[in-house]
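Asker: The structure's right below; bear with me while I get my questions together.
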Amino acid sequence: MSMAPFLSVYRFSAKIVRRSKRTKVFIAVSVLPVILAVVLQINRLASPGRGLDGLAVFSNVVMGFCLQFLVLLLSLFFGTSITADEVDNKTLTYPATRPVSKTAFILGKYAASVSFLLVLVLTSTVVSFLILMADRLSYGAAWAFLGKSLAALGFGTICYTALFTLAGTFLKKSILFGLFFCFGWENVVQYFPGTTQKFTIMHYLKSLLPGMEAGVGGTEGTGLLKFLLFRQEPTPVVTAVITLVILTAVFAGLACWVFSRKEYLFDE
Amino acid sequence: MAIAERGYTHWPGSLEGGRRPWRVLEDFQEMLKGADKFLHINPAYFQAYYGSSFLIFMMLMIMVGSGSGLIADDLRHNSLPLYFSRPLRKRDYVGGKFGALAFFLLLLTLVPGILFILLKLLFAGSFAFLADYPWLPFSFIGWSVFISSFFSLYTLLLSSLGRNRRYAAILMVAAYFLSDVFFGIFYGIFHEPAFCLISVQMNLRQLSAAFLGAKPQFDVPWIYSFLVLSAVMVAAVLVLRRKIRVAEVIR
Amino acid sequence: MNIELRDVQFSYGPVKALDGVTLQIGEGACGLLGPNGAGKSTLLKVLLGFLRPDTGEGLVLGHDIRKDSFGIRRVVGYMPEDDCFIPGLDAVAFTALFGELSGMPRAEAMKRAHDVLYYVGLGEARYRNLETYSAGMKQRLKLAQALVHDPKILFLDEPTANLDPQGRTEILELIADISSKKDIHVLISSHILTDIEQTCGSLVILNKGKVAAQGELAALREVRFSLYELKAKGETGPFLEALRHGECRVEETEDGIIKIYLPEAMGRRDVFRLAEESGIQIRHFVKSRTSLEDLFARTVGVD
Amino acid sequence: MIPGGLAVRADKLGKWYGNVLGLSDVSIEIRPGITGLLGPNGAGKSTFMKLITGQLRPSIGTVTIDNQPVWNNPEIFRRVGFCPEQDAFYEDTTGREFLSGLLGLSGYSAAEVRDRSDRALAFVGLEDAADRLIRGYSRGMRQRLKISQAIAHEPDILILDEPLNGLDPLSKRKVIKLIKDYRTEGRTVLVSSHVLPEIEALTQSIVLVHQGKILAEGDIHYIRDLIDAHPHVVAVKTGDGRGLAAKFVGEADVLSVRFDETEGTVLFETRNRDRFFERLTRLAADEGLDVEEITSPDDNLQSVFDYLVGK
């Protein structure tokens, strides 16, 4: 397969993603961690006696907001939009009657969405890190943590978007499925003991982060079924990365497979 | 002093046949151990039910599933002119949509409450329960109505923001969890209970505790939570009045 | 007069959609013509009280459009232009819903829904989910919901859009039937000129928010004696050349119709003579009344 | 690439949705020139359009363009332009962005994309509005933009689904002219429409679809002539109707003569129009008859249609 169709889809959908009004709302949501960081930092500087550790605050923001909320939300909306928007708005006909294979179409749009989301999420994480750690930028361990956080957020975006792209290709109520999955399944099952937690993507993402002990980042979840808060039993990093890559490939591959086989009828 | 044998050791247990496939279920068994209190109905039971985040999550799913399209679908399919070419006011239209959603939400709130009371009366065989807690029916009815109204208006507000129900659904969940996540972060850092006022969920739980006579989780007067939630409802009404226009600017 | 408007103005922000519209519409069916964006839909919305005019006043069957929009909505059936339906309902439930919203008792609305659905030709399909309806069926459904509460006036916005030829004829026959026999007055906004020609007795032409012409259709289509339209079979080149040589003005339209403006000196016979000499057959020959399209192009001022 | 000469061919083509029939046993070849596709709603017109543009997979049979299958064969779309029926766009882009984005999907270089989108916009007369958001376009502009995206890559086969829907007469004239202008030699244009006079204004060559089958194809007059069992009626208005009638009753092709006293016309029923009109033209010129009007009440697509679908 030549790269040209893929790239042209990529360019085209990147423009449409940037143009959409809804995108602006999601950009606003992604800026929230930065605002949060500014507020907290001002507060910290104003009352130095309270001993708030910038790194602790940062890890709270990453775990509580970016990973368990922002990434899920953005991937869910942009992932399902890849096909559902074209079908709902009946615009699928235009790309479908161009010399672009359906695989290239899905992968191009997927890549456009993912790269846009990565820019959003990673930029806002890095900026909040810089703000919160402004006074201790030489602290090496902090940079290591930042690196691992970015990896977790990045893999999360890539993997979840692939999953929801797949969901969008064949589920009519893909959003409902996605919300159940994100805030019902992922948010709860990741705290289950033993093997069960390995059935969530979040488990592998958290395995990328260092020393996640019981409850860190947990209490600011939904608080749902609190008695279930058991400790995480991390998977080795290499295994986690391999699992995430495989999952992403499987989801994206299935999405392409479903999309090139399915006929999309607009309700006429 | 005993010296442990080094190297290979025997295993003292006995084998019971392969059970590996059921490992997952075993995990669940562990979790459900709290369920034996199930039929122990008393005010605390009501407090637990109405204040549980599980109930709120289920309500949220109903809102996403059947509420997100209420107005967004009408906007998408241009049905508003059909409604308003009838002798119908905006408030009739909104009222109808509100009623439809509130009905489903009351199924989750009011109906179980009534069932609990009936079960209790049935098993106890006397009305002593009601005599002991005469305020209880009023409390849970009042609370059911309040929370259902709040969520209905909240849903209608977000559903009227666009023609896309998926977008409305995402917004509904996003706004809800966002407020909660923010609360979690701020509270986790500052340990200041007043932050519970920024979380929709915490406000609801504070208020449910106040309605059902339990001790609120945070030491913040319930009236503030009430004011915050009421403000959201008022804002919803104002936005709905602006958003539901019969005639749009034609191309 | 059923509808009277005096100097009605309406603007969307800086855009003047209606600019001093004064008109009277009487009995029977009246056509509302005009290019897209001339203000037809806005006019209907003003008449329904959806939009409040900036200045001017109007009456619909004696109800003031500013003060009594509820009174209007009780006696008016409105068929909007856009595709509209409620997903998940079947046609009976849909139609009955709008009957109820108009104030009919539930059982009556249900009964009535079946009747009007049969009337518009959806009898067989009335229990099907609306999402499976074709564009033409949705069009009929919109007409059904406009009729369900037995209105005195119907406002139809592009009633034949999306219909196939048979469906179009049927709907036009229905409209003609309603307006001539059932004592319901009809205001049809359309840009398919032949629709208006077939159904309407009177006509209002709007252009750029102003009334460009109004009156009885017959009076508006004045007769021009010297203009003929013909269709010919054979090699028409020499024939047209001969006509031009005889100082006729000749026009050919896209659909193969030849228009001839005969000078005083020439008669019909000369046309046939030239045709025979050029070896072609004349298969269609009519004295042209000003067609609605010409009238339209003339009043709207573009061609 | 050699322009022109590509045929769209369907062979025993059938399509079902579940157990609902969409199209059944259609074999047809659409050749260069303009072809009109006609049929009532639900007849299978839309299904056919979607099958030949690869949006649906045939349940049975094949559909090919230039002998290549269409389903999941994106390469074919270098030579096919499609203008869909639905009024759908990426509303938040400008006309130019929409067009150049789609041209990009066709694989042109940046310079060529710019060049072609400029030309296509000029062709449909949207140069001035090209940098406005599509959201703010009028119906006519939207329709013309749709057509421009179908022709921007200069396809050999242009397929237009209801291109005149929802347009006022003036915009309609513009679009008809556009379509006719595009029909340069050798190109294939397929147009569907509900409104018969529109098709008549565009082409004489039609395909009639009904109940999922092709009912007739060919020249509208040719089709008309084929229907022998259904003679033609010609109405002639003249001062001396009976005198005219007397000249025709001896002719073998005239089946009946009727007089309409109120209209002052004579209605001839004939089996052979060529002979009839030839004679009529001669009589009107030579023999002192004052023929005021000649009309054929059923010489239009509507009557062909009514007749064939058995109304």
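Asker: Would you list the helices (runs of 4 or more DSSP H) that sit entirely within the range B:1-84 and hold 2 or more residues that are at pLDDT 80 or above, away from chain C (no Cβ under 14 Å) and in contact with a helix residue (DSSP H, G or I) (Cβ under 7 Å, 6 or more places away or on another chain)?
Answerer: It comes to B:43-51, B:53-62.
Asker: Test A:SER47 against the criterion of being of a type in the set (S, T, N, Q), farther than 19 Å from A:SER174 by Cα and modelled with pLDDT of 85 or more, and give yes or no. Before you say what the answer is, go through the steps one by one.
Answerer: Working: of a type in the set (S, T, N, Q): yes; farther than 19 Å from A:SER174 by Cα: yes; modelled with pLDDT of 85 or more: no.
So A:SER47 fails the test.
Asker: Does any residue of the range D:19-31 turn out to be of a type in the set (Ser, Thr, Tyr), in contact with a Phe, Trp or Tyr (Cβ under 7 Å, 6 or more places away or on another chain) and assigned by TED's automatic domain parsing to the domain that holds D:PHE82?
Answerer: Initially, the range D:19-31 is screened for residues of a type in the set (Ser, Thr, Tyr), giving D:24, D:27.
Now restrict to residues that are in contact with a Phe, Trp or Tyr (Cβ under 7 Å, 6 or more places away or on another chain): none.
No, the conditions are met nowhere in the range D:19-31.
Asker: Looking at A:PHE259, A:PHE230, A:PHE251, A:PHE192, which one is crowded, with 18+ Cβ neighbours inside 10 Å, within 15 Å of the chain's Cα centre (by Cα) and either within 25 Å of A:THR80 (Cα to Cα) or at pLDDT below 90 (or both)? Quick ask: steps written out before the conclusion?
Answerer: Numbers: A:PHE259 fails: within 15 Å of the chain's Cα centre (by Cα); A:PHE230 fails: within 15 Å of the chain's Cα centre (by Cα); A:PHE192 fails: within 15 Å of the chain's Cα centre (by Cα).
That would be A:PHE251, the only listed residue that is crowded, with 18+ Cβ neighbours inside 10 Å, within 15 Å of the chain's Cα centre (by Cα) and either within 25 Å of A:THR80 (Cα to Cα) or at pLDDT below 90 (or both).
Asker: Which condition from (1) closer than 29 Å to C:SER180 by Cα; (2) within 14 Å of chain B (Cβ to nearest Cβ); (3) within 18 Å of the chain's Cα centre (by Cα) is the one that C:ILE25 breaks?
Answerer: Evaluating C:ILE25 over (1) closer than 29 Å to C:SER180 by Cα; (2) within 14 Å of chain B (Cβ to nearest Cβ); (3) within 18 Å of the chain's Cα centre (by Cα) leaves (2) as the failure.
Asker: Inspect the range A:110-130 for any residue being within 14 Å of chain D (Cβ to nearest Cβ) and of a type in the set (Gly, Ala, Ser) and give the result as yes or no. Write out each step before concluding.
Answerer: At the first step, the residues of the range A:110-130 found to be within 14 Å of chain D (Cβ to nearest Cβ) are A:112.
Checking which are of a type in the set (Gly, Ala, Ser) leaves us with A:112.
Yes, that holds for at least one residue.
Asker: Among the residues of the range C:53-71, are any touching a residue at least 60 places away in the same chain (Cβ under 8 Å), within 17 Å of C:ASP150 (Cβ to Cβ), among the hydrophobic types (A, V, I, L, M, F, W, C) and in a loop (DSSP other than H, G, I, E, B)?
Answerer: yes
Asker: Now for a separate question. I'm trying to understand the selection: among the residues of the range B:138-148, which are surrounded by fewer than 18 Cβ atoms within 10 Å (Cβ to Cβ) and touching a residue at least 24 places away in the same chain (Cβ under 8 Å)? Walk me through it before giving the result.
Answerer: At the first step, the residues of the range B:138-148 found to be surrounded by fewer than 18 Cβ atoms within 10 Å (Cβ to Cβ) are B:138, B:141-142, B:145.
Once the filter is applied, which keeps residues that are surrounded by fewer than 18 Cβ atoms within 10 Å (Cβ to Cβ) and touching a residue at least 24 places away in the same chain (Cβ under 8 Å), the range B:138-148 yields B:ILE141, B:GLY142, B:VAL145.
Asker: Can you report the number of residues in the range D:245-300 which are touching a Leu at 6+ places or on another chain (Cβ under 8 Å), in a loop (DSSP other than H, G, I, E, B) and free of Cβ contacts under 8 Å to residues at least 60 places away in the same chain?
Answerer: Within the range D:245-300, residues that are touching a Leu at 6+ places or on another chain (Cβ under 8 Å), in a loop (DSSP other than H, G, I, E, B) and free of Cβ contacts under 8 Å to residues at least 60 places away in the same chain number 2.
Asker: For residues that are at pLDDT below 80 and assigned to a helix (DSSP H, G or I), scanning just the range D:140-171, find the one that is nearest to C:HIS191 (Cα to Cα).
Answerer: Filtering first and then ranking leaves D:PRO169.
Asker: Mind listing whichever residues of the range B:66-88 are closer than 21 Å to C:GLY99 by Cβ, aliphatic (A, V, I, L, M) and out of contact with any Asp or Glu (no Cβ under 8 Å at 6 or more places or on another chain)?
Answerer: Correct list: B:LEU82, B:LEU88.
Asker: Just a yes or no: is a residue in the range B:103-123 without any contact (Cβ under 8 Å) to a residue 60 or more places away in the chain, crowded, with 19+ Cβ neighbours inside 10 Å, assigned to a helix (DSSP H, G or I) and of a type in the set (Ser, Thr, Tyr)?
Answerer: yes
Asker: I've got another one for you. Hey, among B:ILE189, B:ILE198, which residue is of a type in the set (Val, Ile, Thr) and facing another protein chain (nearest Cβ under 7 Å)?
Answerer: Step by step, each of B:ILE189, B:ILE198 is checked, and only B:ILE189 is of a type in the set (Val, Ile, Thr) and facing another protein chain (nearest Cβ under 7 Å).
Asker: Can you tell me which residue within the range D:204-235, out of those that are modelled with pLDDT of 75 or more and small (Gly, Ala, Ser), is farthest from D:GLU29 (Cα to Cα)? Walk me through how you get there before you give the answer.
Answerer: From the range D:204-235, those modelled with pLDDT of 75 or more are D:204-219, D:232-235; that's our starting set.
Keeping just the survivors that are small (Gly, Ala, Ser) gives D:205, D:212, D:216, D:218, D:235.
Numbers: D:SER205: 12, D:GLY212: 16, D:ALA216: 12, D:GLY218: 11, D:ALA235: 37 Å.
Taking the candidates together, the pick is D:ALA235.
Asker: Looking only at the range C:136-191, count how many residues are of a type outside the set (Ser, Thr, Tyr), at the interface with chain D (Cβ under 10 Å from one of its Cβ atoms) and within 13 Å of the chain's Cα centre (by Cα).
Answerer: 4
Asker: While we're here: Restricted to the range C:72-90, and to residues that are outside any loop (DSSP other than H, G, I, E, B) and either in contact (Cβ under 8 Å) with a residue 40 or more places away in the chain or within 25 Å of D:ASP168 (Cβ to Cβ) (or both), which residue is farthest from the other protein chains (Cβ to nearest Cβ)?
Answerer: C:ASP90
Asker: Inside the range D:1-81, counting only strands (runs of 3 or more DSSP E) that do not spill past its ends, which hold 2 or more residues that are crowded, with 23+ Cβ neighbours inside 10 Å, within 14 Å of chain C (Cβ to nearest Cβ) and among the hydrophobic types (A, V, I, L, M, F, W, C)?
Answerer: On the way: elements: D:8-17, D:20-30, D:33-38, D:60-65.
Per the criteria, D:33-38.
Asker: Do we have any residue at all in the range C:202-212 that's closer than 30 Å to D:ILE220 by Cα, within 24 Å of the chain's Cα centre (by Cα) and either at pLDDT 75 or above or among the aliphatic types (A, V, I, L, M) (or both)?
Answerer: The first filter runs over the range C:202-212 and keeps only residues closer than 30 Å to D:ILE220 by Cα, leaving none.
Taking every residue of the range C:202-212 in turn, none turns out to be closer than 30 Å to D:ILE220 by Cα, within 24 Å of the chain's Cα centre (by Cα) and either at pLDDT 75 or above or among the aliphatic types (A, V, I, L, M) (or both).
Asker: Being assigned to a loop (DSSP other than H, G, I, E, B), more than 7 Å from every other protein chain (Cβ to nearest Cβ) and closer than 23 Å to A:VAL127 by Cβ is the filter here, so list the residues in the range A:46-103 that pass it. Show your work before the answer.
Answerer: Pass one, the range A:46-103, residues assigned to a loop (DSSP other than H, G, I, E, B): A:47, A:51-53, A:89-92, A:97-101.
Checking the rest, the ones that are also more than 7 Å from every other protein chain (Cβ to nearest Cβ) come to A:47, A:51, A:53, A:92.
Scanning the range A:46-103 gives a single hit, A:ASP53.
Residues are listed down the side, and each one gets a yes or a no for (1) assigned to a helix (DSSP H, G or I); (2) at pLDDT 85 or above; (3) closer than 25 Å to D:LYS172 by Cα; (4) not assigned by TED's automatic domain parsing to the domain that holds C:GLY26:
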{"residue": "C:GLU108", "(1), (2), (3), (4)": "yes, yes, no, no"}
{"residue": "C:GLY121", "(1), (2), (3), (4)": "no, yes, no, no"}
{"residue": "C:ALA144", "(1), (2), (3), (4)": "yes, yes, no, no"}
{"residue": "C:PRO159", "(1), (2), (3), (4)": "no, yes, yes, no"}
{"residue": "C:GLY167", "(1), (2), (3), (4)": "yes, no, yes, no"}
{"residue": "C:GLU173", "(1), (2), (3), (4)": "yes, yes, yes, no"}
{"residue": "C:ALA176", "(1), (2), (3), (4)": "yes, yes, no, no"}
{"residue": "C:SER180", "(1), (2), (3), (4)": "yes, no, no, no"}
{"residue": "C:ILE188", "(1), (2), (3), (4)": "no, yes, yes, no"}
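The rows are residues; the columns are (1) crowded, with 19+ Cβ neighbours inside 10 Å; (2) within 12 Å of the chain's Cα centre (by Cα); (3) within 14 Å of chain C (Cβ to nearest Cβ).
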{"site": "D:VAL113", "(1), (2), (3)": "yes, no, no"}
{"site": "D:LEU126", "(1), (2), (3)": "yes, no, no"}
{"site": "D:ARG144", "(1), (2), (3)": "yes, no, yes"}
{"site": "D:LEU167", "(1), (2), (3)": "yes, no, yes"}
{"site": "D:LYS174", "(1), (2), (3)": "no, no, yes"}
{"site": "D:ILE179", "(1), (2), (3)": "yes, yes, yes"}
{"site": "D:THR188", "(1), (2), (3)": "yes, yes, no"}
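Asker: While we're here: Do we find a residue being over 30 Å from C:PRO14 (Cβ atoms) and within 14 Å of chain A (Cβ to nearest Cβ) anywhere in the range B:229-248?
Answerer: no
Asker: Okay, next question. Just to be sure before I move on: is C:HIS149 touching a Pro at 6+ places or on another chain (Cβ under 9 Å), buried (at least 23 other Cβ atoms within 10 Å of the Cβ) and either assigned to a loop (DSSP other than H, G, I, E, B) or outside the structural domain of C:GLY99 (by TED's automatic domain parsing) (or both) in the structure I sent? Explain how you work it out, then say what you get.
Answerer: On the way: touching a Pro at 6+ places or on another chain (Cβ under 9 Å): no; buried (at least 23 other Cβ atoms within 10 Å of the Cβ): yes; either assigned to a loop (DSSP other than H, G, I, E, B) or outside the structural domain of C:GLY99 (by TED's automatic domain parsing) (or both): yes.
So C:HIS149 does not fit the description; no.
Asker: Taking the range A:195-227 on its own, how many of its residues are modelled with pLDDT of 50 or more, at the interface with chain B (Cβ under 10 Å from one of its Cβ atoms) and not in a helix (DSSP H, G or I)?
Answerer: Qualifying residue count, the range A:195-227: 1.
Asker: Still on this model: Can you confirm whether the range B:156-164 contains a residue that is assigned to a helix (DSSP H, G or I), more than 19 Å from B:GLY99 (Cβ to Cβ) and out of contact with any Pro (no Cβ under 6 Å at 6 or more places or on another chain)? I'd like the intermediate steps shown before the answer.
Answerer: So the first thing to find is which residues in the range B:156-164 are assigned to a helix (DSSP H, G or I), and the list is B:156-159.
In the following step, the residues that additionally are more than 19 Å from B:GLY99 (Cβ to Cβ) were identified as none.
No; the residues of the range B:156-164 include none that is assigned to a helix (DSSP H, G or I), more than 19 Å from B:GLY99 (Cβ to Cβ) and out of contact with any Pro (no Cβ under 6 Å at 6 or more places or on another chain).
The values are calculated or read from the model by the stated rules, or taken from the named source; none is laboratory data. Note that this is a predicted model, so its numbers are computed, not measured. Note that each Cβ is placed from the backbone with ideal geometry, even for glycine, and that neighbours are counted across all protein chains shown.
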